[in-house]
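Participant: Just dropping this structure here.
Each reported figure results from applying straightforward, stated rules to the coordinates on display, with no laboratory input. Bear in mind that the values here come from a model prediction, so they are computed numbers and not experimental data. Here Cβ is always computed from backbone atoms with ideal geometry, including for glycine, and neighbour counts include all displayed protein chains.
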Amino acid sequence: MSERWVPLDVSDVDPSPFVQFQRWFEDAKGEMTEREAVALATATGDGAPSLRMVLLRWHDGKTFGWYTNYESRKGRDLAVNPRAALLWYCEPLGRQIRIEGAVERMSSLESDAYFDARPRGSQLGARASHQSQPLADRDELEALVEANAQEFAGSPVPRPTYWGGYRLTPTGFEFWQHRDSRLHDRVVYRLEGSQWIRERLAP
Ligand SMILES: Cc1cc2nc3c(=O)[nH]c(=O)nc-3n(C[C@H](O)[C@H](O)[C@H](O)COP(=O)(O)O)c2cc1C
């Protein structure tokens, strides 16, 4: 057994899945080049799934958040089906975390605060990109960036209404630890009322 693959039992995890998430996220510090990268799964109103990476920019012990374009494919999915799943994988430690729940937009004030703290290039990029819409070519995108740069020359770049944050309020978690001979450890948390119930699943 690799000494990195620490056994995981129901009695090892914190009663709070948020504390357990924080523990594993901290353990991954220095282990990964993009520790915040998570896969985000959404689905259309009739259940067709899609998946992409986003950066996890927020976790406050109650919710998990990311920022994006509200008119993107994921934004359109979330407008009609406000539920999502997040997946985080830390290869060096052989760990996977699944999080599922209900999604809502962050408030305008919260999105403004994050947007205002972004580098100017990212702000112009967010304004210029009609994410997930067809583009004729790269020049069209660069022309849109340039038009925005001229429009806001010498002044702060305002957050466009089509860009902002989402937060997911979890209803379920799974912590997966790699073990030898495919006998991995899996501990799930599900919400019963306001109580988090933990149990082990077969690998
Ligand atoms: C590591 C990584 C991080 C990313 N982070 C974000 C992000 O935080 N927000 C975002 O809108 N897109 C991010 N992207 C791009 C998305 O994966 C995706 O291409 C984009 O959001 C459009 O997805 P959609 O058409 O399904 O809406 C990231 C891509 C990678 C590979």
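Participant: Net charge around P170, counting only other residues with Cβ within less than 15 Å of its Cβ (Lys, Arg = +1; Asp, Glu = -1)?
Facilitator: Numbers: positive: K62, R83, R98, R167, R190, R198; negative: D14, D60, E100, E104, E174, E192.
Around P170, the charge tally is 0.
Participant: Right, next: Please turn the phi angles of the range 56-64 into ³J(HN,Hα) values with the Karplus equation 6.51 cos²θ - 1.76 cosθ + 1.60 (θ = phi - 60°), one per residue in order, whole Hz, x for glycine and proline.
Facilitator: Each residue's phi maps through the Karplus curve to give 6, 9, 8, 8, 10, x, 9, 9, 10 Hz.
Participant: Same structure again: Show the residues, 5+ positions off or on another chain, whose built amide H is closer than 5 Å to the amide H of R179.
Facilitator: H184, D185
Participant: Sticking with this one: Tally Lys/Arg at +1 and Asp/Glu at -1 over every other residue whose Cβ is under 11 Å from the Cβ of N81; what's the total?
Facilitator: Values: positive: K74, R76, R83; negative: D46, D77.
Net of charged neighbours comes to +1.
Participant: Normalising by the residue count of the range 53-177, find the relative contact order in percent from Cα pairs under 8 Å and 6+ residues apart. List each step's numbers first, then the result.
Facilitator: Values: 184 pairs, mean separation 51.1, N = 125.
In percent, rounded to a whole number, it is 41.
Participant: List the equivalent ellipsoid semi-axes of the chain in whole Å, largest first, each obtained as the square root of 5λ for an eigenvalue λ of the Cα gyration tensor. Provide the component values of the computation, followed by the final result.
Facilitator: Values: eigenvalues 260, 67, 53 Å².
Ellipsoid half-lengths, sorted descending, are 36, 18, 16 Å.
Participant: Calculate the length of the line joining the C-alpha centroid of the range 71-88 to that of the range 116-161, in whole Å.
Facilitator: 23
Participant: Now a separate question. Students often check this: by mean Cβ neighbours within 10 Å, which of 138-151, 65-78, 29-42 ranks highest, and how do the rest follow? Walk me through the intermediate numbers first.
Facilitator: On the way: 138-151: 12.6, 65-78: 19.6, 29-42: 14.2.
Result, highest mean first: 65-78, 29-42, 138-151.
Participant: Calculate one ³J(HN,Hα) per residue across the range 156-171 by plugging θ = phi - 60° into the Karplus curve 6.51 cos²θ - 1.76 cosθ + 1.60, and present them in order as whole Hz with x for glycine and proline.
Facilitator: x, 8, x, 5, x, 5, 8, 10, x, x, 10, 10, 10, 9, x, 10
Participant: Enumerate the calculated ³J(HN,Hα) couplings along the range 93-99 in order (Karplus 6.51 cos²θ - 1.76 cosθ + 1.60, θ = phi - 60°), each rounded to whole Hz, writing x wherever the residue is Gly or Pro.
Facilitator: 9, x, 10, 10, 10, 10, 9
Participant: Could you list which residues have their amide H under 5 Å from that of G172, counting only those 5 or more apart in sequence or on another chain, with H placed in the peptide plane?
Facilitator: Here the answer is E100, since their amide H atoms fall under 5 Å of that of G172.
Participant: Can you put D27, D116, D185, D137 in order, fewest other beta carbons within 10 Å first? If you can, show how the numbers build up before the last one.
Facilitator: Details: D27 15, D116 12, D185 22, D137 8.
Starting with the residue having the fewest Cβ neighbours, the order is D137, D116, D27, D185.
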